Amino acid sequence: MSATRRVVQSDRLRDQVYQLLREDLHGGAIPAGSRLVELELAERYGVSRTPIREALFQLAREGLVVRTDRGYSLMTDTPRDFLQRMQVRLLLDPPLAEHAAKYGSDEQIEALASAYEKMKKAEASSKYSAFVAAAHEFRTLLLDMSHNTALTRVCAVLEDQFLLVRNEHYKDEGNRAISVHRDGLLLEAIRSRDVKGAGKIAKEYVEMLIKTHPNPSGRAPRKRTVKTAAETRS
């Protein structure tokens, strides 16, 4: 891993390292399955191994990394892991979208639209890292728009655990195109304050992800299709 950013020395080095690691994980800078070596991370961020160890311990408690006999590594989802996470998202994403359409402020909707435009631009120019960052921003804003503390917290935990497989998912240009299409439909419904429509779009997207992803039985996934806006609403 090449050195990028370095922390500023302070009394809370652990917190700085923790935040930088989270940002790198969210941005896809560290691939799923990577082994996290304390010495390499210490050199990467310009600190000693102690705050690295403390930050990794905290990330492990949150389920973002796993502890192994040789230290820590990023999780890699099996088809069963993915299916279980998506089944939970199938329960949470529709009400989340409905809450965003009903309770999101005009300012939040404009911020969501801005994040979406970044996604479109990154997808059109085939910029993976920029797309991942914009998609994460879009998702984070959507969580904030629910104005339901319990729902936001539960969704945020699941989002953290899903981010690694999501970043791998976005390495496929076709998946990025589908995400732009589906999030565009969701944004349109939220802008229109179409509560039920937003929930329906969110539900159908998760169902599509489940159907097109390899499943634990080993059966081949169904072919992905991109529907038009009219087809989605019908």
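The values are calculated or read from the model by the stated rules, or taken from the named source; none is laboratory data. What you are looking at is a predicted structure, and each value in this text was computed from that prediction instead of being measured. Cβ placement follows ideal geometry from the backbone for every residue including glycine, while neighbour counts extend to all protein chains displayed. Areas reflect the complete protein model, heavy atoms only, side chains present, ligands, DNA and RNA absent. Shrake-Rupley method; radii C 1.70, N 1.55, O 1.52, S 1.80 Å.
For the chain, find the longest principal axis of its Cα atoms and tell me its angle to the long axis of helix 13-26, 0 to 90°, nearest 10.
40
Kindly provide the helix-only [θ] at 222 nm of the chain, computed as the sum of -39,500 (n - 2.57) over DSSP H runs of four or more divided by all residues, to the nearest 500 deg cm²/dmol?
Details: 10 runs with 160 residues, N = 234.
Taking each H run of at least 4 residues, the total per residue is -22500 deg cm²/dmol.
Which of the following values of Cα Rg over 2.2 N^0.38 Å was calculated from the structure shown: (1) 1.32; (2) 1.06; (3) 1.13?
Read-out taken from this structure: (2).
Which entries of Lys171/Lys203; Lys171/Lys196; Lys127/Lys196; Lys118/Lys171; Lys171/Lys211; Lys102/Lys127 have Cα-Cα distances beyond 25 Å here?
Beyond 25 Å: Lys171/Lys196; Lys127/Lys196; Lys102/Lys127.
What dipole magnitude, in Debye to the nearest 20, does the stretch 1-149 give about its Cα centre under +1 on Lys/Arg Cβ and -1 on Asp/Glu Cβ?
The calculation lands at about 480 debye.
For Glu117 paired with Thr212, estimate the spin-label separation in nm (one decimal), with each label point 7 Å from Cα along the Cα-to-Cβ line.
Roughly 2.7 nm, to one decimal.
Report the FRET efficiency, 1/(1 + (r/R0)^6), for Arg80 and Ala156, where r is their Cβ-Cβ distance and R0 is 22 Å, rounded to 0.05.
The computed FRET efficiency comes out at 0.45.
For Lys200, tell me the accessible area in Å² from a 1.4 Å probe, rounded to the nearest 10.
80
In percent, how large is the relative contact order of the chain, given Cα pairs closer than 8 Å and 6 or more residues apart? Walk me through the numbers before you get to the answer.
On the way: 275 pairs, mean separation 55.5, N = 234.
Here the relative contact order equals 24 percent.
Projecting each Cα onto the charge dipole of the chain (Lys/Arg +1, Asp/Glu -1 at the beta carbon, about the Cα centre), which of Ser125, Leu41, Ser114 comes out farthest on the positive side?
Of the candidates, Ser125 comes out farthest on the positive side.
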